[in-house]
Amino acid sequence: MKGTTKLRQLLQQPGMLVAPGAHDVMTARIVEAEGFGAVYLGGFAASASMLGIPDHSLITMTELLAQARNVAAAVNIPIMADIDDGGGTPLSVRRTIRLAEQAGLAGVHVEDLVPGKHFVGHRDRLFSKEQAVDKIKAAVDARTDQDFVLIARSDAIGVTSLDDALERAQAYAEAGADLLFLPYLRPKDTKRAADALPKPLFNVVIDTPKDELERAGLKVAIYPVQSLFVTYKAVRDMVKELKASGTIANFAQRTPAWEEFNEFIGATEATQLAEKYRIV
């Protein structure tokens with residue numbers, strides 16, 4: 001079954017879909033191995049892990065989609081991904097959607113932020129509602145697979161107001177978006193947004209309990225940066241220990257056995273195939 005069809009089926013089921021974020025192929029495989037039905041690839045995490053750069057519209061669509069292809073080749077669960085503003089004009093969005101389908105993604109979100117964003121201490125800028133609507137329309141028209149899920153993201157809460165975000169989301173839904181994504185939506189406002197909008201809500205979660213979000217009406221919960229941050233902290237602590245003491249023996253209890261990791265990464269299966277094909 002295609003990933004797009006799998007995602008549509010997951011969205012039709014009752015309750016909330018949890019899609020942990022992955023910052024690389026291995027973390028995506030961990031998400032799958034732990035039994036989650038879908039995985040999320042965020043632009044912040046991709047910028048940091050692939051290129052070591054901040055999320056200031058510096059990563060290209062080519063680079064984002066290269067990561068998507070690698071993950072799609074390694075997992076069998078649907079992948080939802082960040083494609084920023086889709087690449088500029090509605091014509092750029094059309095091409096980006098086609099490339100996202102070809103990369104093996106099951107869904108993407110397109111935002112209404114003007115590129116050059118998230119600078120500390122400075123307010124982001126929004127495309128006009130009309131410009132953003134045209135991008136969503138272009139994305140809808142570009143789909144060759146009607147199961148491909150289009151998620152419209154509005155960052156208006158962080159720039160203008162919740163009311164503006166709801167107005168924009170309504171327009172994006174009317175333009176054909178399947179899901180609506182409102183970053184900065186506070187847990188206490190989630191029910192208001194879910195009740196007001198005609199399409200299901202997709203949103204970032206940090207530490208709000210799942211049952212609370214389900215009661216408020218959230219349909220898709222993503223955890224976009226946690227795997228990246230946990231990895232950063234663990235590796236940094238290990239390297240600090242090595243620098244300070246000359247050994248990482250204290251970290252042995254935190255690492256998997258060789259056998260466990262080899263099984264996870266596929267070395268056992270590869271060895272069996274090597275024997276079958278008389279490589280060894």
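The values are calculated or read from the model by the stated rules, or taken from the named source; none is laboratory data. The structure presented is a predicted model; accordingly, all values stated were derived computationally and were not measured. Positions of Cβ are backbone-derived with ideal geometry, glycine not excepted, and every protein chain shown enters the neighbour counts.
How many residues are of a type in the set (A, V, I, L, M, F, W, C), under 28 Å from the mean Cα position of the chain (by Cα) and farther than 24 Å from Ala48 by Cα when one looks only at region 226-266?
2
Taking the conditions exactly as written (surrounded by fewer than 16 Cβ atoms within 10 Å (Cβ to Cβ), within 25 Å of Phe264 (Cα to Cα) and either among the aliphatic types (A, V, I, L, M) or touching a strand residue (DSSP E or B) at 6+ places or on another chain (Cβ under 6 Å) (or both)), does Ala33 satisfy them or not? Steps first, please.
Working: surrounded by fewer than 16 Cβ atoms within 10 Å (Cβ to Cβ): yes; within 25 Å of Phe264 (Cα to Cα): yes; either among the aliphatic types (A, V, I, L, M) or touching a strand residue (DSSP E or B) at 6+ places or on another chain (Cβ under 6 Å) (or both): yes.
Answer is yes for this residue.
Report, by residue number, each residue of region 160-200 that is over 30 Å from Ile77 (Cα atoms) and either out of contact with any helix residue (DSSP H, G or I) (no Cβ under 9 Å at 6 or more places or on another chain) or not in a helix (DSSP H, G or I) (or both).
Looking only at region 160-200, we keep the residues that are over 30 Å from Ile77 (Cα atoms), and these are 160-168, 171, 188-189, 192, 196.
Thr160, Ser161, listed by residue number.
So Pro256 clears everything in (1) farther than 29 Å from Val114 by Cα; (2) in a loop (DSSP other than H, G, I, E, B); (3) modelled with pLDDT of 95 or more except one condition, right? Which one?
The number of the failed condition is (3).
Would you confirm, using the coordinates I've provided, whether Gly35 is assigned by TED's automatic domain parsing to the domain that holds Val149, out of contact with any Pro (no Cβ under 6 Å at 6 or more places or on another chain), under 21 Å from Ala169 (Cα atoms) and free of Cβ contacts under 8 Å to residues at least 40 places away in the same chain? If you could, list the steps in order and put the result at the bottom.
Details: assigned by TED's automatic domain parsing to the domain that holds Val149: yes; out of contact with any Pro (no Cβ under 6 Å at 6 or more places or on another chain): yes; under 21 Å from Ala169 (Cα atoms): no; free of Cβ contacts under 8 Å to residues at least 40 places away in the same chain: yes.
No, not satisfied.
Given the conditions (1) surrounded by fewer than 22 Cβ atoms within 10 Å (Cβ to Cβ); (2) under 16 Å from the mean Cα position of the chain (by Cα), and given that Ile151 satisfies all but one, which numbered condition is not satisfied?
(1)
Looking at region 213-239, which of the residues that are over 26 Å from Val25 (Cα atoms) and free of Cβ contacts under 8 Å to residues at least 40 places away in the same chain is surrounded by the fewest Cβ atoms within 10 Å (Cβ to Cβ)?
Step one: filter region 213-239 for residues over 26 Å from Val25 (Cα atoms), giving 213-218.
Next, only the ones that are free of Cβ contacts under 8 Å to residues at least 40 places away in the same chain stay: 215-217.
Working: Arg215: 12, Ala216: 21, Gly217: 16.
The extreme case among them is Arg215.
For region 124-139, which residues satisfy the criterion of being of a type outside the set (Ser, Thr, Tyr) and closer than 13 Å to Ala171 by Cβ?
Just the residues of region 124-139 that are of a type outside the set (Ser, Thr, Tyr), to begin with: 124-127, 129-139.
Answer for region 124-139, where residues must be of a type outside the set (Ser, Thr, Tyr) and closer than 13 Å to Ala171 by Cβ: Leu126, Phe127, Lys129, Glu130, Gln131, Ala132, Val133, Asp134, Lys135, Ile136, Lys137.
To keep it simple, each residue is scored yes or no on (1) surrounded by 23 or more Cβ atoms within 10 Å (Cβ to Cβ); (2) out of contact with any strand residue (DSSP E or B) (no Cβ under 9 Å at 6 or more places or on another chain).
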{"residue": "Ala165", "(1), (2)": "yes, yes"}
{"residue": "Ala169", "(1), (2)": "yes, no"}
{"residue": "Tyr172", "(1), (2)": "yes, no"}
{"residue": "Ala177", "(1), (2)": "yes, no"}
{"residue": "Phe181", "(1), (2)": "yes, no"}
{"residue": "Asp189", "(1), (2)": "no, yes"}
{"residue": "Arg192", "(1), (2)": "no, yes"}
{"residue": "Lys199", "(1), (2)": "no, no"}
{"residue": "Phe202", "(1), (2)": "yes, no"}
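Does Thr62 satisfy the condition of being surrounded by fewer than 16 Cβ atoms within 10 Å (Cβ to Cβ) and more than 15 Å from the chain's Cα centre (by Cα)?
Numbers: surrounded by fewer than 16 Cβ atoms within 10 Å (Cβ to Cβ): yes; more than 15 Å from the chain's Cα centre (by Cα): yes.
The answer is yes for Thr62.
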